[in-house]
Every structure is written in C-alpha cells, then in structure tokens.
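Following: one structure in structure tokens, then a few remarks.
The values are calculated or read from the model by the stated rules, or taken from the named source; none is laboratory data. Since we're looking at a predicted model, the values are computed, not measured. Using ideal geometry, Cβ is built from the backbone for each residue, glycine included, and neighbour counts are taken over all protein chains shown. Note: areas computed on protein heavy atoms with side chains; ligands, DNA, RNA excluded. Shrake-Rupley method; radii C 1.70, N 1.55, O 1.52, S 1.80 Å.
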Amino acid sequence: MYERIDQIVREAGRIVLSAHHISDSVKEKTSHCDLVTKYDTMVQDFLYRELLAAFPEAGFYGEEGDVLEIADKRGYFIVDPIDGTTNFIRHARQSSINVGYYLDGRMEYGAVYQPYTDELFTAQRGCGAYLNGKPIRMNNLPLSESIVMYGSAIYYRQTIPLTAQLMAELLPSVLDFRRSGTAGLDLCYVAAGRADAFFECCLRPWDYAAASLIIQEAGGIVTALDGSPLRFFDRCSVAVGSPQSHPELMKLVGRVLQQPDMKGRLP
Ligand code: IPD
Ligand code: CA
C-alpha cells in the first residue's frame, strides 16, 4: 500500500533535479534566512495532487503556505517538499523530500528522498527501516563515541543562546559534530549509522515527522529536547540518540536547561 508513496516521492525528486535558474524565484518567508523558491511550491503541489489521488481519505499538512487540511481525518500526510531549501538554492545537492503519514495519533509511514544521490529512506511502523529497500540499523554507541549532527534553528532567534550553550557543553563529550542544513536527512543519516545523534532547538513537523519513524524503526530514540514526546502539529525541539546515548544526552541537556538564562527558550 505504501509503495505508491515511495513512487510519488521519487517522481517529485525529478522536479528537484530538473530545476534551473533557481535563484530567480527566491523569496523571503519569515526572515532573510527563511527562503522559498517556486520549486518548493511546485513540488508540494505535485505531492498534494498525487498523494491525495492515491489516498483520497487522507488529509494534508504541508510547509508551503502552511496547508493544513486535517479536520476530521484519521490520517494525514506531513510534507516538506524541499527540506534544505537554502542548500537547494546554493546547488549544494543536499536536500530531501520528506513525506510522513500520520495515522490515529502516531506516525505510520515515513519516506525521505535525497534525489541527488537517489537515496530513499523509508519505514513503516513495526516493519524496520530501509535505505533503497535494504534494512538499516542505528549504531548503539555512548555519547563519547558519537558523531552528533545538529541544526541551528536559525528561523527562531530566541533559541540561539541555547543552541550555542548546548554546542559548548556537548562538544567536549562527543566524538565530533556535523551540520548539513537538512534536518530530515540528518535523522536518516543517524538511522543509517553515518552519524549517531542529533539535536535542534526548534523544528516544524514536516522537518522530522517522516524521519522520526525511520529513527525509531532503526533502533533509535527520538524525543523533544526536554524528553517529552514529539509533537506532530506544532513546533518542537528534537533530540535523537541511541539507547546508550539518548539518556546521556537528556542528562546533559537537562543541566543546560536549568541554567538561568536558558529557561523558556524551547518551543
Ligand atoms: C530547514 C532544514 C535545516 C534546519 C532548519 C529547517 P527547510 O528546513 O531542515 O537543516 O536547521 O531548522 O527549517 O526550511 O530548508 O525546509
Ligand atoms: Ca522546506
């Protein structure tokens, strides 16, 4: 049943690959660092049309234009048409199409497609996580041996001091950091064992919905930074780790969140 989602996501990837004169259509959204192109809208329109044709009973929650059609729906798609829009604008070839299917209050299916490398990460609840159809598994390493990916949550200025403090306190305790500019792929890279943990102080559901299930099905743990469950209808921080590193990460983050000027900075 979910194979059709994979096909649609791969087809959407062709729009990304055929994009040209990208910089001509760049517009600012909430600030000078929050950008959108005509391709973000084009890919989302394509996904909206094709996904709802295949699953007419489903709703849709998409980044561009904050499309929110979920009233009275048991299930809905949570969609980022281009995750890593700034990378896309700079031709960095590090962006993804994220499609999650949320059903009866939890993630049921996730597909994250990196068109430039033709890598499709998928997971169905209870059935494991896959990269191009082959099973993937997260490493179960302690924090001290972990490569930690992170996002700067740059659209949410109030989180900057907290991000900086977390980086300062984490760096001496881990193997190293990585920053790619595409949260969905960051999580999938962790699921595939290319890195081992992740944090970002504020994301929107389309950045992490699909990939959060991929993490869980690959044996990882994903929560908000304060340890609470992820929210799929609102902004949320994200913390990912292995069964070994997630509790360590929670301990360290908990300490930082207690510091006087760090309070109230998480969404
Ligand atoms: C962004 C990317 C980036 C993360 C931002 C996201 P967008 O998504 O995932 O890595 O740091 O917080 O908003 O705007 O390119 O779809
Ligand atoms: Ca996006």
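Note on region 97-106: residues that are away from ligand 2 (no atom under 14 Å from the Cβ) and in a strand (DSSP E or B) total 4. Being open to solvent by less than 10 Å² (accessible area, probe 1.4 Å), within 14 Å of ligand 2 (Cβ to nearest atom) and of a type outside the set (Asp, Glu) is the filter here, so list the residues in region 59-80 that pass it. Within region 59-80, Gly62, Ile78, Val79 meet the criteria. Thr30 meets the conditions (1) more than 13 Å from ligand 2 (Cβ to nearest atom); (2) surrounded by fewer than 17 Cβ atoms within 10 Å (Cβ to Cβ) in every case but one. The failed one is (1). Of all the listed residues (Leu51, Leu68, Leu103, Leu47), the sole one being of a type outside the set (S, T, N, Q) and within 16 Å of ligand 1 (Cβ to nearest atom) is Leu47.
Of the residues making up region 107-116, none is away from ligand 1 (no atom under 14 Å from the Cβ), in a strand (DSSP E or B), outside the structural domain of Tyr208 (by TED's automatic domain parsing) and free of Cβ contacts under 8 Å to residues at least 40 places away in the same chain. Listed here are the helices (runs of 4 or more DSSP H) enclosed by region 159-267 that have at least 2 residues being open to solvent by 10 Å² or more (accessible area, probe 1.4 Å) and farther than 23 Å from Tyr109 by Cβ: 160-170, 245-258. For region 148-158, the candidate set comprises residues that are within 16 Å of ligand 2 (Cβ to nearest atom) and either part of a helix (DSSP H, G or I) or open to solvent by 50 Å² or more (accessible area, probe 1.4 Å) (or both); within that set, the residue that is nearest to Tyr189 (Cα to Cα) is Ile154. Take the conditions open to solvent by 30 Å² or more (accessible area, probe 1.4 Å), touching a residue at least 40 places away in the same chain (Cβ under 8 Å) and within 16 Å of ligand 2 (Cβ to nearest atom) and apply them to Gln94. Does it pass? The answer is yes for Gln94. Screening Glu200 with (1) within 16 Å of ligand 2 (Cβ to nearest atom); (2) closer than 29 Å to Lys73 by Cα gives one miss only, at (2). Within region 37-58, work out how many residues are within 14 Å of ligand 2 (Cβ to nearest atom) and open to solvent by less than 20 Å² (accessible area, probe 1.4 Å). Selection size over region 37-58: 6.
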